[in-house]
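**Q** Handing you this structure, nothing more for now.
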Amino acid sequence: MSTLLRGGQILENGQLVERDIRIEDGKITEIGERLNVYNSDIIDLKGQFVSAGFIDVHVHLREPGGEHKETIETGTKAAARGGFTTVCPMPNTRPVPDTVENLDKLNKTIQDSAVVRVLPYASITERQLGENLVDFSALKEHGAFAFTDDGVGVQTASVMYEAMQQAAKLDMAIVAHCEDNSLIYGGAMHEGQVSKKIGIPGIPSICEAVQIARDVLLAEAADCHYHVCHVSSIQSIRAIRDAKRAGIKVTAEVTPHHLLLNENVITEDDAILKMNPPLRSREDQEALIEALLDGTIDFIATDHAPHAADEKNQPMVKAPFGIVGSETAFPLLYTHFVKNGDWTLEQLVEYLTTKPADVFKLPYGRLAVGEPADIAVINLDEEYEIKEEDFLSKSSNTPFIGEKVFGNVTLTLAEGKIAYQEGQHA
């Protein structure tokens, strides 16, 4: 038996056209007009938009060690609810996937409980302490997607340089959370007019930018693919842009929340708006949008960071950093950038599919015959409200609750299997 997705709209040369899609053995085998129904299960899409499943190279699934916030099962269900069919979880778990044994255990849990494809990172250093390097070669053999100490910046240049040299030999990426600890100053939000007004200690933009500036030079010396997580500031963009012009192998991502918000939304001590890097100035926000459009920043990643309600229900200086993003990324970006004509639908889809796939050489993210049947079906015309009770994530720490958006994901297939179907999740 095959599955026939009937009557959906797909993008062809930037235009929406009606096409049927046939799926067999987890692959797309045919795309065309009014395909033959023979021996097929039919799913009538009723004119909804059909995209390749989205790729998110920056999520926190919290398992092992933080299961009260999220698990691989709940995190991948949330990803599927948002149209994501490939996610890459960061290694700031307990234990850290810094050994073959720990990575193998993680992969077993993924195999047992994930509903979409999960490609885990391994850490750069043991226990993410920034001191002793992991066994890069062994971890690659056991399925590491790339190497990162995300959650903390690697503070010592020699450690980062040696890590890049090892990764380069293996044709693997070093993925960096850029933060110089000596410049954090106990901050909980961006250092600027708003932090001064509210009286909350601030984190200056240079805290991020100086590590990027250091690292692009190290990457050049090591001839390593260096990828910058969640870029947030004008200074960081300048360092990345200059490095790209110099031919250094640097790529970068930006989050939906840094594209959509800036420090001015923080009017009081509210930890739901505490994230790392923090929401910066309006000028930074505008520069990030421009850098994404001109290719300085390569694509969008959510930095989905679930936390329990009681953890976030504290003053900003005490609460953890981060917001959830898997279930809200597409509708928020579609509503704020595509519906108003700033971006085309094709641009948004590329930022979530082909561009991350190309940067990390992944064989996913394309809606084409012979490709894996990773598919997101989206009702672009349906307006709905983001509600806490609708989240499939264990956590709902996001400032976007109550916002009305368009672009509701109604069906997600991962390798041809239903990973999410509206109204049918437990």
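**Q** Can you give the FRET efficiency to the nearest 0.05 for GLU286 and ASN39, using r as the Cβ-Cβ distance and R₀ = 51 Å?
**A** 0.40
**Q** Translational diffusion coefficient of region 276-426 at 25 °C, 0.890 mPa s, Stokes-Einstein with Kirkwood Rh over Cα pairs, in µm²/s as a whole number.
**A** For these conditions, the coefficient is 142 µm²/s.
**Q** For a quick check, take a GNM of the chain with Cα springs below 10 Å and name the residue from ALA219, ALA176, ALA246 with the largest mean-square fluctuation.
**A** Checking each option, the largest mean-square fluctuation is seen for ALA246.
**Q** What Kirkwood hydrodynamic radius, in Å, does region 96-207 give when the mean of 1/r is taken over all pairs of distinct Cα atoms and then inverted?
**A** One decimal place: 15.6 Å for the Kirkwood radius.
**Q** Run the simple label-point estimate for ASP112 and THR344 please: 7 Å along Cα→C-beta, distance reported in nm.
**A** About 4.7 nm separates the two model spin labels.
**Q** Using a Gaussian network model on the chain with a 10 Å cutoff between Cα atoms, which of LYS312, LYS404, LYS77 fluctuates the most?
**A** Evaluated over the chain, the most mobile residue of the options is LYS404.
**Q** What's the angle, to the nearest 10 degrees (0 to 90), between helix 72-81's Cα axis and the longest principal axis of the chain?
**A** Here the helix axis deviates by roughly 60 degrees.
**Q** How long is the gain from MET1 to GLU141 if the chain were fully straight, where each residue apart is worth 0.36 nm and the alpha carbon distance is subtracted?
**A** Using 0.36 nm per residue and subtracting the Cα-Cα distance, I get 46.9 nm.
**Q** Just to confirm my numbers, what's the Cα centroid distance between region 253-330 and region 151-208 in Å?
**A** Region 253-330 and region 151-208 have Cα centres separated by 15 Å.
**Q** To test your reading of the geometry: what angle, between 0 and 90 degrees and rounded to tens, separates the Cα axis of helix 234-245 from the longest principal axis of the chain?
**A** Approximately 70 degrees, to the nearest ten.
**Q** Working from Cα positions, state the angle (0 to 90°, nearest 10) between the long axis of helix 282-294 and the longest principal axis of the chain.
**A** That helix lies at roughly 50 degrees to the long axis.
**Q** Starting from the coordinates of the alpha-carbon atoms of region 343-390, obtain the Kirkwood hydrodynamic radius over all distinct pairs and give the value in Å to one decimal.
**A** Computed over Cα pairs of region 343-390, the Kirkwood hydrodynamic radius comes out at 13.0 Å.
**Q** What fraction of the Cα pairs in region 175-261, stated in percent, has a spacing above 22 angstrom?
**A** Tail fraction, whole percent: 29.
**Q** Let me ask something else. Beta carbons within 10 angstrom, averaged per residue: use that to sort the peptides 166-172, 251-257, 42-48, 323-329, highest first.
**A** Answer by packing, highest mean first, reads 323-329, 251-257, 166-172, 42-48.
**Q** What is the Cα coordinate range of region 64-127 on the first, second and third principal axes, sorted by size from largest, in whole angstrom?
**A** Result, largest extent first: 34, 22, 19 Å.
**Q** Here's a follow-up. Give or take rounding to whole Å, what are the principal axis extents of the alpha carbon atoms in region 302-388, in descending order?
**A** 50, 31, 22
**Q** Can you compute the charge dipole magnitude of region 176-293 about its Cα centre, using +1 on each Lys and Arg Cβ and -1 on each Asp and Glu Cβ, nothing else charged? Give it in debye, rounded to the nearest 20.
**A** For region 176-293, the charge dipole is close to 200 debye.
**Q** Another one. Report the gain in length on full extension from LEU16 to ASP390: 0.36 nm times residue separation, minus Cα-Cα distance, nm rounded to one decimal.
**A** Extra length from LEU16 to ASP390 when fully extended: 131.7 nm.
**Q** Using only the Cα atoms of the chain, what are the Rg and Dmax in Å?
**A** 20.8, 67
**Q** If every alpha-carbon in region 179-318 counts as one equal scatterer, what log10 I(q)/I(0) does Debye give at q = 0.13, 0.19, 0.21 1/Å?
**A** One equal scatterer on each Cα of region 179-318 leads to -0.56, -1.09, -1.27.
**Q** Full extension from ALA157 to ARG245: what is 0.36 nm times the residue separation minus their Cα-Cα distance, to one decimal in nm?
**A** Fully extending the segment from ALA157 to ARG245 adds 29.4 nm.
**Q** In terms of solvent-accessible area of protein heavy atoms at a 1.4 angstrom probe, what is the ranking of ARG117, ARG94, highest value first?
**A** Ranked list, largest accessible area first: ARG94, ARG117.
**Q** Among DSSP beta bridges whose residues both lie in the chain, state the antiparallel percentage, nearest 5.
**A** Close to 55 percent.
**Q** Here is a further query. Hey, what's the Kirkwood Rh for region 340-426 if you take every pair of different alpha carbons, in angstrom?
**A** Kirkwood hydrodynamic radius for region 340-426: 15.1 Å.
**Q** Another question, if that's okay. Would you list which lysines come within 25 Å of LYS108, measuring only between C-alpha atoms, while excluding same-chain residues fewer than 8 positions from it?
**A** In chain and number order, the partners are LYS27, LYS69, LYS77, LYS140, LYS361, LYS394, LYS417.
**Q** Hey, what did region 118-255 get for relative contact order, percent, Cα under 8 Å, at least 6 apart?
**A** Normalised by residue count, the contact order of region 118-255 is 20 percent.
**Q** So, one more: Quick check: pseudo-label points 7 Å beyond the Cα along Cα→Cβ at GLN421 and LYS361, how many nm apart are they?
**A** 3.8
**Q** Here is a further query. Compute the relative contact order of the chain as a whole-number percentage, counting only Cα pairs closer than 8 Å that sit 6 or more residues apart in sequence.
**A** This gives 19 percent for the chain.
**Q** Can you pull the one-decimal nm distance between simple spin-label points at ASP104 and VAL369, each 7 Å off the Cα toward Cβ?
**A** 4.3
**Q** Also, I was wondering about something else. Rule-of-thumb check for region 206-245: C-alpha Rg over 2.2 N^0.38 Å?
**A** 1.05
**Q** Right, another one. Report relative contact order for region 74-174 in percent, whole number only (criteria: Cα-Cα under 8 Å, sequence separation at least 6).
**A** 27
**Q** Provide Rg and Dmax in Å for region 1-136, with only Cα atoms included in the calculation.
**A** So, for region 1-136, Rg and Dmax equal 19.4, 60 Å respectively.
**Q** Follow-up. With a 10 Å radius around each residue's Cβ, average the other Cβ atoms per peptide and rank 302-309, 287-294, 191-198, highest first.
**A** 302-309, 287-294, 191-198
**Q** On average, how much area does the Cα convex hull of region 1-43 cover when viewed from any direction, in nm²?
**A** For region 1-43, the mean projected area of the Cα convex hull comes to 2.9 nm².
The values are calculated or read from the model by the stated rules, or taken from the named source; none is laboratory data. As the structure is a prediction and not an experimental result, all values here were calculated from the model. All Cβ positions, even for glycine, are placed from backbone atoms using ideal geometry, and neighbour counts span all protein chains on display. SASA here: full protein model, heavy atoms, side chains in, ligands and nucleic acids out. Shrake-Rupley method; radii C 1.70, N 1.55, O 1.52, S 1.80 Å.
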